[in-house]
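**Student:** I'd like to ask some things about the structure below.
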Amino acid sequence: MANLSIKAPRNMTALMQHMQRLVTTGHHYWTGGRIAMRHILKLIDKYPDFALQADAPARAYRKRTGRASVHLVLHPVVSTNDMDIPWWMLSTGGKLGLTSDINLPGKVHDARTLEGRLWSDDYELMQLEKNYIAGKPKTMTWTWRMTPARFREWQALLIERVKARDIKSVMAVFDLLREMPQFAGVRSQVLRLHFDASRMLVKLGMPGLVPLDLPVMRMQKLWHEDFEV
């Protein structure tokens, strides 16, 4: 079996796009934790059944023979060997994966369930219904959104700024929100916050907000060029 290096995503958007792709391709089961940089190879060596460094042909053969595909995903923060970083393992079903009765690195979650959603920092990955088109069947898509708790915090901040009639501060908040990775779920939340803030301003007898121009999400170059194990 050929081996590949384990790489780290370039930034948070690349990390989120990578995990979104994995879950979309059936890697629904996941576990995670934190580890010192210098111990990443030990983590890989501890779970040889997962073939974490397998290349594409090796993974195709594992699938053909009923074995799982398991990926190790590292947080984009890469620094000194002593620094702890978050890590995740994502797995399809099948033998020698996270659903097998073998030595596992932690509690295993199913990203398709409410309690098992995959998360990173202030975001969670979930399935949302695509925009419905009359005459076509409804379809679901995987996307990231702010966690409900984080969304409520932004909501509270905007309510505070709107009640103070501080338009400059309100717009500063939306400047920050525009910098978030604009996955479909995040985008819809930011637009909802904008709509609610504008409506509140009108109720206070002030002009509503101008339409929000959000950046378009584009595919990222995934990998950090200066890091691999």
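**Student:** Quickly run through segment 178-214 and pick out the residues that are in contact with a helix residue (DSSP H, G or I) (Cβ under 8 Å, 6 or more places away or on another chain), aliphatic (A, V, I, L, M) and loosely packed, with under 13 Cβ neighbours inside 10 Å.
**Tutor:** LEU204
**Student:** Residue by residue through segment 154-177, note down the ones that are at pLDDT 95 or above, surrounded by 13 or more Cβ atoms within 10 Å (Cβ to Cβ) and charged (D, E, K, R).
**Tutor:** Listed by number, the residues that qualify are GLU160, ARG161.
**Student:** Follow-up. Out of segment 61-120, which residues are closer than 18 Å to THR24 by Cα, out of contact with any His (no Cβ under 7 Å at 6 or more places or on another chain) and among the small types (Gly, Ala, Ser)?
**Tutor:** ALA68, GLY93, GLY94, GLY97, SER120
**Student:** Same structure, new question: Does at least one position in segment 154-169 carry a residue that is touching a Leu at 6+ places or on another chain (Cβ under 9 Å), under 21 Å from TRP119 (Cα atoms) and not aromatic (Phe, Trp, Tyr)?
**Tutor:** yes
**Student:** Now for a different question. Kindly provide the set of residues from segment 112-152 that are at pLDDT 95 or above, open to solvent by less than 100 Å² (accessible area, probe 1.4 Å), within 18 Å of SER188 (Cα to Cα) and charged (D, E, K, R), ordered by number.
**Tutor:** GLU124, ARG145, ARG150
**Student:** Would you mind listing the strands (runs of 3 or more DSSP E) fully within segment 1-102 where at least 2 residues are open to solvent by 50 Å² or more (accessible area, probe 1.4 Å) and touching a strand residue (DSSP E or B) at 6+ places or on another chain (Cβ under 8 Å)?
**Tutor:** Working: elements: 7-9, 29-36, 70-74, 84-91.
Where strands (runs of 3 or more DSSP E) fall fully within segment 1-102 and carry at least 2 residues being open to solvent by 50 Å² or more (accessible area, probe 1.4 Å) and touching a strand residue (DSSP E or B) at 6+ places or on another chain (Cβ under 8 Å), they are 29-36.
**Student:** Identify all residues within segment 196-210 that are within 27 Å of the chain's Cα centre (by Cα) and not charged (D, E, K, R); write none if there are none.
**Tutor:** So in segment 196-210, the residues within 27 Å of the chain's Cα centre (by Cα) come out as 196-197.
Result: ALA197, single match.
The values are calculated or read from the model by the stated rules, or taken from the named source; none is laboratory data. Treat the numbers as computed from the prediction; the structure is a model and nothing was measured. Cβ coordinates were reconstructed from backbone atoms using ideal geometry, including for glycine residues, and neighbour counts include every protein chain displayed. For accessibility, only protein heavy atoms count, side chains too; no ligands or nucleic acids. Shrake-Rupley method; radii C 1.70, N 1.55, O 1.52, S 1.80 Å.
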